[in-house]
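Structure first, commentary second.
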Amino acid sequence: MIGRIIGTLVEKSPPELLIDVQGLGYEISASMTTIYDLPQVGERVTLFTHLIVKEDSHTLFGFIDKNERALFRVLIKVNGIGPKMALAILSSMSAEELIANVQDSDVTALTRIPGVGKKTAERLIIELRDKLGQAAKGDLFTAPAVLKQVQADPRQEAEAALIALGYKPQEAAKAIAAVPMDSADSESVIKAALQGMLRK
């Protein structure tokens, strides 16, 4: 999986970017939050990336930091939230604001995001609270604690890798859930998950 891109920013046509890496041009989709923080065209840029592979396309998504990428990976696992909607959410508010809105069950704030209605906002709160709550429970449910845990969780990384390989989010989540908790790193989790899927 492509995890990082370092190159020259050639074009900036929100939400699309074109980055030249030693003569090879990468088309990357990015949130407005990332685009606002980018340097001018012609300057060097570093983006953390997430590759989504489908039957008819390979799409690379870029993020200004690992926090935004970690939340993107969590968002695309929410039922009914695809990559485009995840980018819209990350374009509308910062990672810290999103976590705070989930923590406060602020449906109104989430419905201000284009394309997010009341039902979608409620589902976001319920599912994100569960997913992010696993990262930092109780009084530790704060942006720094959540983001640190989501980034460091090898099971999250392994699940993202399976999705990038073309497995559906539900299939990836089910496969990872079947892996014993004592698996220490993302590579061992991925191997165990794939072995479990092949045995079926």
| said: Rounded, prolate or oblate, given the Cα gyration tensor of segment 82-137, with a/c below 1.5 counting as rounded? | reply: prolate
| request: Using a/c under 1.5 as the rounded threshold, could you call segment 1-133 rounded, prolate or oblate? The axes a ≥ b ≥ c are square roots of the C-alpha gyration tensor eigenvalues, and prolate needs a/b larger than b/c, oblate otherwise. | output: prolate
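Rule-based calculations on the coordinates, nothing more; no lab input. Here the structure is a predicted model, which means the values were calculated and not measured.
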